[in-house]
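The values are calculated or read from the model by the stated rules, or taken from the named source; none is laboratory data. What you see is a predicted model, and the numbers here were worked out from it, not measured in a lab. Cβ sites come from the backbone with ideal geometry, for glycine too, and all protein chains shown count toward neighbours. Side chains included, ligands, DNA and RNA excluded: accessible areas come from the protein's heavy atoms. Shrake-Rupley method; radii C 1.70, N 1.55, O 1.52, S 1.80 Å.
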Amino acid sequence: MSDSLQVASEKAAEVPDTSGTRAATLADHIFRNPVLGPLSALVLAIVAFSILTENFASVDNFSLILQQSVVVGTLALGQTLIVLTGGIDLANGAIMVLGTLVVAKLAAGSTGAQVPALFAGLLVCAALGLVSGLIVSKLGLPPFIVTLGLLTILQAASRLYTKETVLVDDGPLTVLSKGGYLFGQFQVTTGVVVVLISVAVLHYALTRTAWGRHVYAVGNNDLAAKRTGINVNRVLLSVYVLAGVFYALAALQAFGRSPATSPNAFPTANLDTITAVVIGGTSLFGGRGTVVGTYIGALIVLVLQSGLTQAGIDPLFQNIVTGVLVIAAVALDTVTRRKAR
């Protein structure tokens, strides 16, 4: 008996402890890093679809994916700000659509009216962000309920405002679809440049300014943030208003993609942005994440849609894959937060 126990003990001692190995440390670092994880997933998806499909790895396809990312990518920046504070915005797509309708109706038939109409759309989107921010910060209502109610209101209001498809003329409203740069056959439009600059500026504001530190602090623990002297209500209000400004910019990006808009446009924009935010490594519990990861998350969604389409997969299965990825990302975030405690 004692001999068998000794043998078992020796065998157990031979099992290597991999928890502190370089591979385990690297994997843990990738999973914990808010940018490396999504970036690794993006590279793996690109490599997989380049091998499995014939035309995925073409210059035209990569250029198209980049151009398709501008609307959801810009919209997701505002969503990221709100999620970082521990909230969520279900009405961001509806705010953007109402903004495009206001702009299109005011600018209809007159190129000279496009710039004033654009400012009117900006005011509408920022004002709706202000309304959400006031209700969340002053009344203390859950962001999920507030934005769900706003979503219902805005969808009805957009259809009451107009039931038609509205076209805008070629002019300042469609400038983001033009220009840009050509790297051989790879086109980078002005809209792509604008969203990349927006990501860089917002990343700087979140990581290098006192306001950005306050946003993360409120998301981590609003009560603790208040005790350290942070004006939580003011931070929340600023976040919702700034998110509304990004929704207005997304409306302008939408005109760059198509000069036509209607109340039925972008029906899944809110879910698309939440998917981009979660897959991009931002925690739905707040206080953790980056806008760089969010933009990479938007690219992951578009790469999956493009790759699965070229592989001949039914669009319904694409939605299933996206849903599974969202659940997996939230589960991974939950596990990493528990390990960090």
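Quick test of your reading of the structure: residue 127 fulfils all but one of (1) surrounded by 14 or more Cβ atoms within 10 Å (Cβ to Cβ); (2) out of contact with any Pro (no Cβ under 7 Å at 6 or more places or on another chain); (3) within 18 Å of residue 245 (Cα to Cα). Name the failing condition by number. Answer for residue 127: the failing condition is (1). Close contacts from the range 189-212, counting a first residue that is closer than 13 Å to residue 73 by Cβ and a second that is surrounded by fewer than 17 Cβ atoms within 10 Å (Cβ to Cβ) and aromatic (Phe, Trp, Tyr), with Cβ to Cβ under 8 Å and a gap of 6+ residues or different chains, come to 193/181. Answer with yes or no whether residue 74 is part of a helix (DSSP H, G or I), buried (at least 21 other Cβ atoms within 10 Å of the Cβ), in contact with a Ser or Thr (Cβ under 6 Å, 6 or more places away or on another chain) and modelled with pLDDT of 95 or more. It is false that residue 74 is part of a helix (DSSP H, G or I), buried (at least 21 other Cβ atoms within 10 Å of the Cβ), in contact with a Ser or Thr (Cβ under 6 Å, 6 or more places away or on another chain) and modelled with pLDDT of 95 or more. If you go through the range 264-276 and keep only what is surrounded by fewer than 17 Cβ atoms within 10 Å (Cβ to Cβ) and either in contact (Cβ under 8 Å) with a residue 24 or more places away in the chain or in a loop (DSSP other than H, G, I, E, B) (or both), you end up with 264, 267, 268. If you go through the range 312-341 and pick out every residue that is modelled with pLDDT under 75, surrounded by fewer than 14 Cβ atoms within 10 Å (Cβ to Cβ), part of a helix (DSSP H, G or I) and not hydrophobic (A, V, I, L, M, F, W, C), you end up with 3. Please verify whether the range 87-96 includes one or more residues that are assigned to a helix (DSSP H, G or I), more than 22 Å from the chain's Cα centre (by Cα) and at pLDDT 95 or above. Among the residues of the range 87-96, not one is assigned to a helix (DSSP H, G or I), more than 22 Å from the chain's Cα centre (by Cα) and at pLDDT 95 or above, which makes the answer no.
For the range 220-237, the tally of residues that are surrounded by 19 or more Cβ atoms within 10 Å (Cβ to Cβ) and either modelled with pLDDT of 95 or more or among the hydroxyl-bearing types (Ser, Thr, Tyr) (or both) stands at 3. Give the range 49-85 a look and list any residue that's small (Gly, Ala, Ser) and under 15 Å from the mean Cα position of the chain (by Cα), or say none. Selection gives 69, 73, 76, 78.
Flag set for residue 261, criterion: open to solvent by less than 20 Å² (accessible area, probe 1.4 Å) and touching a residue at least 40 places away in the same chain (Cβ under 8 Å). Here residue 60 does not qualify as out of contact with any Pro (no Cβ under 6 Å at 6 or more places or on another chain), of a type in the set (D, E, K, R), at pLDDT 90 or above and within 25 Å of residue 304 (Cα to Cα). When the range 292-339 is examined, which residues are found to be free of Cβ contacts under 8 Å to residues at least 12 places away in the same chain and of a type in the set (Gly, Ala, Ser)? Scanning the range 292-339 gives 312, 323, 328, 331. Scan the range 277-299 for residues that are at pLDDT below 90, surrounded by fewer than 22 Cβ atoms within 10 Å (Cβ to Cβ) and of a type in the set (A, V, I, L, M) and the total you get is 1. All conditions in (1) touching a residue at least 60 places away in the same chain (Cβ under 8 Å); (2) open to solvent by 20 Å² or more (accessible area, probe 1.4 Å); (3) part of a helix (DSSP H, G or I) hold for residue 240, with the sole exception of (2).
Within the range 123-164, the residues that satisfy the criterion of being out of contact with any helix residue (DSSP H, G or I) (no Cβ under 9 Å at 6 or more places or on another chain), under 17 Å from residue 97 (Cβ atoms) and in contact (Cβ under 8 Å) with a residue 12 or more places away in the chain are 148, 159, 163, 164. What do you reckon, is residue 218 assigned to a helix (DSSP H, G or I), of a type outside the set (D, E, K, R), touching a helix residue (DSSP H, G or I) at 6+ places or on another chain (Cβ under 7 Å) and closer than 26 Å to residue 118 by Cβ? When the stated conditions are applied, residue 218 does not pass them.
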